[in-house]
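The values are calculated or read from the model by the stated rules, or taken from the named source; none is laboratory data. From a predicted model like this one, the values you see are computed outputs, not experimental measurements. With ideal geometry, Cβ positions are generated from the backbone for all residues, glycine too; neighbour counts draw on all protein chains shown.
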Amino acid sequence: MEAIIKVEQLTHTYSINTPFERKALDAVDFDIYPGELLGIIGQTGSGKSTLISHLNGLLKPTSGRILFEGQDIWSSPALTRSIRFQVGLVFQFPEYQLFEETVYKDIAFGPRNMRLSPEEVDRRVRRAIEFVGLSPSVLERSPFELSGGQKRRVAIAGVIAMEPKVLILDEPTAGLDPASVESILSNILDYHRANEATVIIVSHSMEEIARTADRLMVFSGGTIPLSGTPQEVFAHSQLLEDLGLGVPQMARVFSRMRAMGVEIEPSVYTIPQAKEAFLRAYRQRKGGQ
Ligand SMILES: Nc1ncnc2c1ncn2[C@@H]1O[C@H](COP(=O)(O)OP(=O)(O)OP(=O)(O)O)[C@@H](O)[C@H]1O
Ligand SMILES: [Mg+2]
């Protein structure tokens, strides 16, 4: 399949030629495919936010290229501008960036910038508020009267309203209560399915990423030492621990059991998979007797 985004030898150095010079990305190479749900994990300071800020042209590579549908996003100012609409970026704690006097205006900000007709802006605002599970009655309220979880949803709706082909979210559930985490994740999955959109989620939570992503990329010190399906990645539990990352609880339990000599499959990382694996092992043992 043709990649929607190609990252070629991307290096980013902050504060170049100053005493604070810091290489945050070091010759990173990877592809993102249309319609996939990619999870990015890595310790604090590993370069995740630096990377995603390059994907919609907010940061410019120190060296290397970002191709969107085959074109270098920096090849012309018009293209760079259009990428900002096609690749939607929800920052970490985006609720701090709400600023309009009504929720409606906040969500409409992006689509208006795209110079869409007022009718189309209106359609998108209403669709977006529905996507994030808020009642349309919230639209006329001030964003500052809402709860933290509601503000987060409004901020996500503002990006969804641009109907980006690629939706990128930096720690979208950080700091929320478990019920809000579940509902925001399911809103994101709904957007992914309804629009066949490519979605990239940055997360610290292995459990969360294990359940949602099709493919994972692990960041460490501005490089990608490990990537693959969750199954492939979580099978490297020792490497993940060496990188200062946990593995999902179930992966830990299963790798401990294998270390104890229990013959059980290595690639389990969710509770339903664990249940299946136990039942299979149990049936085999019974069958073998
Ligand atoms: N504006 C900046 N100026 C200088 N250095 C920066 C800047 N932003 C980030 N860095 C440095 O670049 C490195 C990568 O930072 P980045 O924010 O991309 O990491 P991250 O993986 O997103 O971390 P976190 O999980 O804490 O959000 C870090 O060492 C950080 O200190
Ligand atoms: Mg970050």
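Quick look at the numbers
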item	result
Of all residues making up the stretch 2-37, the number that are hydrophobic (A, V, I, L, M, F, W, C) and closer than 29 Å to residue 193 by Cβ	8
Of all residues making up the stretch 219-240, the number that are in a helix (DSSP H, G or I) and among the β-branched types (Val, Ile, Thr)	1
Odd one out for residue 175, checked against (1) away from ligand 1 (no atom under 16 Å from the Cβ); (2) closer than 22 Å to residue 89 by Cβ; (3) out of contact with any Ser or Thr (no Cβ under 9 Å at 6 or more places or on another chain)	(1)
Tally of residues being closer than 19 Å to residue 164 by Cα and out of contact with any strand residue (DSSP E or B) (no Cβ under 9 Å at 6 or more places or on another chain) across the stretch 66-81	5
Given (1) within 16 Å of ligand 2 (Cβ to nearest atom); (2) in contact with a Lys or Arg (Cβ under 9 Å, 6 or more places away or on another chain); (3) free of Cβ contacts under 8 Å to residues at least 60 places away in the same chain; (4) not charged (D, E, K, R), index of the condition residue 219 fails	(3)
Search result, residues across the stretch 7-65 that are within 12 Å of ligand 1 (Cβ to nearest atom), β-branched (Val, Ile, Thr), closer than 20 Å to residue 171 by Cβ and touching a strand residue (DSSP E or B) at 6+ places or on another chain (Cβ under 8 Å)	28, 40, 41, 50, 52
Matching entry among 66, 41 (being away from ligand 2 (no atom under 15 Å from the Cβ), among the aliphatic types (A, V, I, L, M) and touching a residue at least 24 places away in the same chain (Cβ under 8 Å))	66
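Conditions tested, residue by residue: (1) in contact with a strand residue (DSSP E or B) (Cβ under 7 Å, 6 or more places away or on another chain); (2) modelled with pLDDT under 95; (3) within 16 Å of residue 39 (Cα to Cα).
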{"site": "180", "(1), (2), (3)": "no, yes, no"}
{"site": "186", "(1), (2), (3)": "no, yes, yes"}
{"site": "197", "(1), (2), (3)": "yes, no, yes"}
{"site": "209", "(1), (2), (3)": "yes, yes, yes"}
{"site": "218", "(1), (2), (3)": "yes, no, yes"}
{"site": "227", "(1), (2), (3)": "yes, no, yes"}
{"site": "238", "(1), (2), (3)": "no, yes, no"}
{"site": "241", "(1), (2), (3)": "no, yes, no"}
{"site": "244", "(1), (2), (3)": "no, yes, no"}
